[in-house]
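Have a look at the structure below, then the notes.
The values are calculated or read from the model by the stated rules, or taken from the named source; none is laboratory data. As the structure is a prediction and not an experimental result, all values here were calculated from the model. Counting neighbours? That spans all protein chains shown, and the Cβs are built from the backbone with ideal geometry, glycine included. Surface areas here come from the heavy atoms of the whole protein model, side chains and all, with no ligands, DNA or RNA. Shrake-Rupley method; radii C 1.70, N 1.55, O 1.52, S 1.80 Å.
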Amino acid sequence: MTVPTRNRSRRAEILDAAASLFAARGFHGVSIEEIGSAVGISGPALYRHFSNKSALLAEMLLDVSERLRASAARVATEAPGPEEAMDALIAGHTAFALDHPSLITVQGRELDNVPEPARRGIRRLQRLYVEEWVTVLSELHPSCPPPRLRAAVHAVFGLLNSTPHSAGELPREEMAALLHGLARSALNAVVSGR
């Protein structure tokens, strides 16, 4: 059964509004009524779309994690080589972080508020996303042990995910280029042992 387009767009609108509110005030600092008000409906009307605030957060983070994982898998298989794949992975994550700073903030801060088993599903998708990066890095640096590559990927995510704190200080394209160069330098330094 497919969800009608209006219903799907309303859900997306609710998720976007909730991400902004959660990023600004934290999951526990936002009420269902405030989320509803942000999209022009009553708080109780939100229950037509989500069973509760935790279910809304779970869907938000599952969606983000799945989109990042699917994008990375596509990049890793479609790029002509590992250099191009790594550049595309960095560019994709950078674009996501710059375009969705609220989601980056919520993803980094609110996972503990997601009920199980959704939390396990999110963590699984996040691990798969990391492993797409590790696979590409291992092609570029075959002698580097996977745990070191994985640590490098997590460090680069920390760098790229810091954009909610600095986005807007530079023009978007300049910020994207800066982040890309920093990420490549960080990956090269970590895998070379410098």
In segment 91-121, the residues that are among the β-branched types (Val, Ile, Thr) and modelled with pLDDT of 95 or more: 94, 106, 114
First in segment 22-42 and on the phi > 0 side of the Ramachandran plot, second anywhere and surrounded by 18 or more Cβ atoms within 10 Å (Cβ to Cβ) and assigned to a loop (DSSP other than H, G, I, E, B), Cβ under 9 Å, 6 or more apart: 26/110
Selection count, segment 147-173, where residues are part of a helix (DSSP H, G or I), open to solvent by 70 Å² or more (accessible area, probe 1.4 Å) and either without any contact (Cβ under 8 Å) to a residue 40 or more places away in the chain or in contact with a Ser or Thr (Cβ under 9 Å, 6 or more places away or on another chain) (or both): 5
Some residue of segment 47-69 being closer than 18 Å to residue 158 by Cα, open to solvent by 60 Å² or more (accessible area, probe 1.4 Å) and either polar (S, T, N, Q) or in contact (Cβ under 8 Å) with a residue 60 or more places away in the chain (or both): no
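Yes/no per residue for (1) farther than 23 Å from residue 185 by Cα; (2) open to solvent by 40 Å² or more (accessible area, probe 1.4 Å); (3) of a type in the set (A, V, I, L, M, F, W, C):
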residue: 78; (1), (2), (3): yes, yes, no
residue: 102; (1), (2), (3): yes, no, no
residue: 112; (1), (2), (3): yes, yes, no
residue: 122; (1), (2), (3): yes, no, yes
Residues within segment 80-100 that are closer than 12 Å to residue 157 by Cβ and open to solvent by less than 20 Å² (accessible area, probe 1.4 Å), tallied: 5
Pair list, Cβ under 6 Å, 6 or more apart: segment 109-126 residue over 17 Å from residue 21 (Cα atoms), other residue at pLDDT 95 or above and charged (D, E, K, R): 125/66; 125/69
Options 88, 17; residue that is under 22 Å from residue 160 (Cα atoms), aliphatic (A, V, I, L, M) and modelled with pLDDT of 95 or more: 88
Listing of helices (runs of 4 or more DSSP H) fully contained in segment 1-114 that carry 2 or more residues being under 30 Å from residue 178 (Cβ atoms): 5-25, 53-78, 82-99, 101-109
